[in-house]
Every structure is written in structure tokens, then in C-alpha cells.
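Everything below concerns the one structure shown next.
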Amino acid sequence: MEAADFMPSEVDIAGIKRNLEAYEAARASAYRQVRWRVPLFVGLVLVFVALVAWLFNTVADPNEQWFSTPHVLLYVVGFVAAILLYFQAIKPASTLLQSYRKTLLPIVFGFIRDMRYQHDVTPNSFDRLPRETIGAFNNERFDDIVSGRYEGFPFELYEADLRQGTGKSETTAFKGVVVAFETIVPFPGILVATRRTNAVVGFFRGIFAGKMQELSCGVPELDAAYDFRTDNVGAAQPLVGGRLAQALTWLSETWPDDPARVALNGGDGFLLLPQTKNFFGLPDISVPLDYARHVAPMISDMGAVLATAALVRKIGAKDEAG
């Protein structure tokens with residue numbers, strides 16, 4: 001599958017570029033607003049804090065000028081207020097970027113049928129994702145969510161940031177893109193392929209594994225990189241040593257930095273692609289949006305991810321069905 005297979009036609013590209021021109025006018029206006037709103041909003045807070053602090057000095061002990069208890073409390077309140085007003089000041093920019101995703105994504109992803117875009121909500125398929133795939137987490141955040149149909153099958157693709165712990169002890173269970181889809185042939189149970197981890201992470205993942213048994217695919221490179229587990233060994237072994245191994249071998253070549261994860265749960269399939277960048281990220285409001293630099297790579301990445309999901313969903317299917 002080549003990237004060109006997902007790219008819009010010349011007519012569609014012309015329409016996208018016209019849309020970009022409209023966005024560019026709104027972007028420039030929003031950027032101008034942010035440039036004066038940030039110094040004004042934050043500056044007013046600083047002036048207010050400085051004025052009140054000076055008034056405190058008139059009643060404070062001479063040895064506590066600028067650093068008395070009321071001063072310190074004032075500085076803390078002023079710092080919090082400055083942060084809140086900063087985000088209020090940049091609201092025209094953040095609102096524009098978010099609204100533009102809703103406008104742009106359905107246009108550029110023309111190969112997705114019945115496309116729907118959501119943001120900052122829990123994806124419908126997340127509850128069906130086997131926890132053995134990600135291990136323990138107590139903090140979850142979802143950014144952009146795109147759902148629709150690709151090559152005839154429904155899917156849901158979303159950005160997930162799943163973390164365990166708090167503060168300095170916080171660790172990342174998973175950060176990246178999750179694609180949920182219907183498998184061609186339902187798997188009678190749960191089968192997961194996750195990257196091998198250190199003993200501590202493996203212990204906590206094992207808590208979720210319960211009665212899950214470990215398997216080997218017979219490919220030394222994959223067995224060294226992946227931990228295969230299932231609650232149905234008889235049904236899983238042919239897949240682990242067959243199409244799942246083939247899919248993971250292909251994924252290791254196309255996603256080399258951090259091994260992709262795969263999970264089957266009945267009729268649901270999941271492909272987890274670790275990455276740190278924003279998959280649907282648009283440039284900062286100060287940067288003009290360019291089709292070749294910002295939009296075309298997004299189209300290519302989405303097409304490649306969905307093509308990979310189409311390959312993974314064939315695991316367990318007969319050749320004539322795939």
C-alpha cells in the first residue's frame with residue numbers, strides 16, 4: 001500500500017487549499033488578538049500584585065518588606081490568576097485550532113466514509129480494550145477521536161494518554177494512537193501481544209492477566225520483543241505462529257521505534273501504536289498552515305495506520321476471506 005493511494009484528487013486538493021485560505025485569514029486575526037491579549041491580561045495582574053504588595057509594605061514590619069506572610073499569599077494568588085488569564089488570553093487561538101479540526105479533518109480524509117470527529121471524550125470502544133494490553137493506570141486522557149468506515153469496516157481511532165501513579169512516581173502505561181475495529185473472524189476469547197517489559201511492569205500487567213497463559217510464536221526476534229498471552233491457548237496458538245507473527249513482523253519494519261501492540265477480544269480488534277507526537281497536530285497559531293508541510297503528511301499517516309489495521313483484522317480469517 002503506497003501513501004499515494006490515500007491522497008486526495010487534484011480537485012479535492014484545490015478545495016482543501018481554498019479552505020486553508022479561509023483558515024489563514026482567521027488564523028492571522030486570532031494571532032493578532034493573542035499578541036495584545038497576553039501582555040494586557042498578564043500585565044494587569046502583575047501591576048495589581050505590585051500595587052497591593054506596595055500597600056502591604058506600609059503596614060508590614062520593616063524587616064519583612066515585600067516578604068511578609070500576606071505578601072507571599074498575594075504572590076501565590078497572583079501567580080494562579082496570571083495562569084488563568086493567560087489561557088483566557090490565548091482562547092481565540094485554541095478555539096480556532098479546535099474548530100478547524102472539525103472542519104478540516106472530514107475534508108482531508110476523503111477515503112473515510114461516514115466520518116465523525118470528537119474531542120476530549122471517552123471513546124466508545126475503550127471499555128472493550130483488554131487491560132492486559134496496557135496494564136495498570138489510574139489517569140486517562142483522550143484527545144482527538146475519529147470514527148468511520150475504511151474499506152467497508154467500521155473503526156474508531158483515538159489518541160490516548162494512560163498513566164499510573166502521581167507526581168514524580170507517575171509512569172506512562174501507554175501514550176499514542178489506538179485503532180479499534182471489527183475483526184473478520186471473532187476470536188473465542190482474549191489474545192494480546194505486548195512488548196516485553198521489566199519485571200516490575202510485568203508484575204503489574206500480570207495482575208490483570210489473571211488466567212491468561214503465555215505463548216511463543218516460534219520467531220526468535222518476535223518472542224524476544226513481545227509477550228503473547230491468551231485465555232484460549234488452543235485457538236490462539238495457530239494465530240500466534242501464523243498471521244499474527246506475520247503482521248507483527250511487518251509492523252516492526254513500519255513502526256520500529258516502539259513495538260506496536262495488538263489485542264483481540266471476541267469480535268473486537270485493537271492496534272496500539274505508541275508515539276509522543278500529536279497525531280492530528282496543527283502548527284502553532286503563529287505559523288501559516290501549509291498543505292504540503294502540514295496537511296499532506298497527516299493524510300498519509302492516517303492512511304498508513306488504517307491500512308495496518310486492515311491487515312491486523314485479517315488475523316484468524318481464511319485466505320479467501322482476507
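The values are calculated or read from the model by the stated rules, or taken from the named source; none is laboratory data. For clarity, every value in this text was computed on a predicted model and none was experimentally measured. Positions of Cβ are generated from backbone atoms using ideal geometry, with glycine treated the same way; all protein chains shown enter the neighbour counts. With ligands, DNA and RNA removed, areas are computed over all heavy atoms of the protein, side chains included. Shrake-Rupley method; radii C 1.70, N 1.55, O 1.52, S 1.80 Å.
Brief remarks follow.
- Here the chain exposes an accessible surface that is 58 percent carbon and sulfur, computed with a 1.4 Å probe and the other protein chains kept in place.
- Shape call, the range 3-109: gyration tensor on alpha carbons, a/c limit 1.5: prolate
- Applying a length cut-off of 18 Å (Cα extent along the axis) and a mean Kyte-Doolittle floor of 0.5 to the DSSP H helices of the chain leaves 10-57, 69-89, 296-312.
- Peptide packing: for 137-146, 110-119, the average count of neighbouring Cβ atoms within 10 Å per residue gives the ranking 137-146, 110-119, highest mean first.
- Radius 9 Å from Cβ of ARG163, net charge of other residues (Lys, Arg +1; Asp, Glu -1): -1
- Across the chain, Cα pairs under 8 Å and at least six residues apart give a relative contact order of 19 percent.
- As a ratio to 2.2 N^0.38 Å, the alpha-carbon radius of gyration computed for the range 113-313 takes the value 1.03.
- Of the GluC sites (Glu not before Pro) found in the range 1-104, those in coil by DSSP whose Cβ has at most 15 other Cβ atoms within 10 Å are GLU2.
- Solvent-accessible surface of the chain, averaged per residue with a 1.4 angstrom probe and all protein chains in place: 52 square angstrom.
- Across all directions, the average flat footprint of the convex hull enclosing the Cα atoms of the range 36-168 is 12.7 nm².
- Candidate lysines for bridging to LYS17, where Cα separation is under 27 Å - those fewer than 8 sequence places away on the same chain excluded: LYS91, LYS102, LYS277
- Dipole moment magnitude, nearest 20 debye, the chain about Cα centre, only Lys, Arg, Asp, Glu C-beta charged: 560
- Counted over the range 120-170 with a bin width of 10 Å, the fraction of Cα pairs per bin, in whole percents, is 21, 46, 25, 6, 1.
- Applying a DSSP loop filter and a limit of 16 other Cβ atoms within 10 Å to the chymotrypsin sites (Phe, Trp or Tyr not before Pro) in the range 1-102 leaves TRP66, PHE67.
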